[in-house]
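Novice: Please find one structure pasted underneath; my questions will follow.
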Amino acid sequence: MVQAKDLQAVRSRLGVHFDTSGNLRNQCLLSVLCVSLTDAHQGLVTAIDIVASGNEFVITDNGPGLSLEALPGRDPIAQEVMSLIGGCGEHKPHPQYAELLCSTSIAEVNAISTVATLATMIDGVAWAQKYAFGEPSAPFKQVNRTSPGNRFRFELDKRYVGSAAFDFEALDSGIRGVGLKLDATEITYRES
């Protein structure tokens, strides 16, 4: 998979990265769910909580967390998932997951978000990193968090996503239509 870090290109050529004829907010939510859904299909996540309102959404799962290890000469895997176009697909355990879930990567969603945060717990230690328009504002730092798994928070820039509201019914239909085994995972949707 080809990686790119040109997040400005996402903003200037939105139609190349997103289906602008559909609900962009739902597309963004579904794209960020790729980590949680992959882990759920593998039996590693039993709960996914989705909270959305206005331009903001938060996805929390109880999975194993994203790795902070880095391949030689590269950024930590969790940071690549958040900030490299194609990064989430590259770090999937099987290419079929990337084909099903990563037509738009998390980095592309991050590129059209004014603010984003990833909090992840690995081996009982929680780490977080903040982003502005896809770029990390600082390295990962240890934080006080007791929940296992990942917590993704994105505040979408309304200049790019328009005014259509999140549609949980359509989102759930899209999630179920992917074809992953999710019977053992409780997925909750809430508006804040």
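The values are calculated or read from the model by the stated rules, or taken from the named source; none is laboratory data. Model, not experiment: these values are computed from the prediction. Cβ atoms come from the backbone with ideal geometry, glycine included; neighbour counts cover every protein chain shown.
Novice: Being of a type in the set (Asp, Glu) and in contact with a Lys or Arg (Cβ under 9 Å, 6 or more places away or on another chain) narrows it down to one of 80, 69, so name that one.
Specialist: 80
Novice: Another question, then. Counting just the residues of the range 164-192 that are part of a strand (DSSP E or B) and in contact with a Phe, Trp or Tyr (Cβ under 8 Å, 6 or more places away or on another chain), which one comes out farthest from residue 99 (Cα to Cα)?
Specialist: 191
Novice: Can you give me the number of residues within the range 150-164 that are closer than 28 Å to residue 63 by Cβ and at pLDDT below 95?
Specialist: Final tally of qualifying residues: 1.
Novice: While we're on this one: Restricting to the range 154-192, count the residues that are farther than 20 Å from residue 55 by Cα, of a type in the set (Ser, Thr, Tyr) and in contact with a helix residue (DSSP H, G or I) (Cβ under 6 Å, 6 or more places away or on another chain).
Specialist: Final tally of qualifying residues: 1.
Novice: For residue 45, only one of the following conditions fails: (1) buried (at least 24 other Cβ atoms within 10 Å of the Cβ); (2) not in a loop (DSSP other than H, G, I, E, B). What is its number?
Specialist: Looking at each condition in turn, residue 45 falls short on (2).
Novice: Does the range 174-192 hold any residues that are within 18 Å of the chain's Cα centre (by Cα) and free of Cβ contacts under 8 Å to residues at least 24 places away in the same chain, and which are they?
Specialist: Of everything in the range 174-192, just one residue is within 18 Å of the chain's Cα centre (by Cα) and free of Cβ contacts under 8 Å to residues at least 24 places away in the same chain, namely 176.
Novice: Filter the range 57-110 for residues that are closer than 18 Å to residue 174 by Cβ, part of a helix (DSSP H, G or I) and of a type in the set (D, E, K, R) and give the result.
Specialist: Selection gives 99, 108.
Novice: Quick check on my filter: what residues within the range 14-37 are within 18 Å of residue 118 (Cα to Cα), polar (S, T, N, Q) and either touching a Gly at 6+ places or on another chain (Cβ under 9 Å) or not in a helix (DSSP H, G or I) (or both)?
Specialist: Selection gives 36 alone.
Novice: For the range 101-142, give me each residue that is surrounded by 14 or more Cβ atoms within 10 Å (Cβ to Cβ), free of Cβ contacts under 8 Å to residues at least 40 places away in the same chain and farther than 27 Å from residue 27 by Cβ.
Specialist: 126
Novice: Oh, and also: How about the range 64-108: which of its residues are among the acidic types (Asp, Glu) and either closer than 22 Å to residue 14 by Cα or within 14 Å of the chain's Cα centre (by Cα) (or both)?
Specialist: 80, 90, 99, 108
Novice: Every residue in the range 56-96 that is among the polar types (S, T, N, Q) and either without any contact (Cβ under 8 Å) to a residue 24 or more places away in the chain or surrounded by fewer than 17 Cβ atoms within 10 Å (Cβ to Cβ) (or both), please.
Specialist: 67, 96, listed by residue number.
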